[in-house]
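Worksheet: one structure, shown below.
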Amino acid sequence: MILYLITGFFLFLLIGGIQHFFPIGLWLSALASGVWVSPVQLALMRIRKVPQALIVNALVRATKAGLHLSCDELETHHLAGGNVNTVVNALIAAHKANMDLDFKTATAIDLAKSRRTT
């Protein structure tokens, strides 16, 4: 009986540890939305202290709007101190208005704006 309790406890800790680095729910919602995010990429985001939900949700919004962005681009912009949601929203608005706004220009504007206000 005690062996079952100890095994169950360690199994619970193992699953909790995996869930900490690899949020299964977020990964499944990305897959259901048609966005592929590698489990390793999600674990590395956690190690780099990048909010996984912010990046994945922004990537899903961009993909649903018809934009082709990568997880690495969004993560890099966040690590540079930029606002990922602002950039993705601007890209979506420009895409809907048939304006040419690429990711590099949008992030440059966002970073210049954030540098000026601080």
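Might you let me know whether the stretch 60-78 holds any residue that is of a type in the set (V, I, T), in contact with a helix residue (DSSP H, G or I) (Cβ under 8 Å, 6 or more places away or on another chain) and not in a loop (DSSP other than H, G, I, E, B)? Within the stretch 60-78, one or more residues are of a type in the set (V, I, T), in contact with a helix residue (DSSP H, G or I) (Cβ under 8 Å, 6 or more places away or on another chain) and not in a loop (DSSP other than H, G, I, E, B). In the stretch 1-56, the residue that is modelled with the highest pLDDT out of those that are assigned to a helix (DSSP H, G or I) and touching a Cys at 6+ places or on another chain (Cβ under 7 Å) is I55.
Within the stretch 66-82, being closer than 17 Å to A93 by Cβ, touching a residue at least 24 places away in the same chain (Cβ under 8 Å) and surrounded by fewer than 15 Cβ atoms within 10 Å (Cβ to Cβ) holds for one residue alone: G66.
Taking the stretch 31-68 as the range and being touching a Phe, Trp or Tyr at 6+ places or on another chain (Cβ under 6 Å) and not charged (D, E, K, R) as the test, the residues that pass are P39, L42, A43.
The values are calculated or read from the model by the stated rules, or taken from the named source; none is laboratory data. Every value quoted in this text rests on a predicted model; they were computed, and no experiment measured them. Methodologically, a virtual Cβ is constructed for each residue, glycine included, from the backbone with ideal geometry; neighbour enumeration extends over all protein chains shown.
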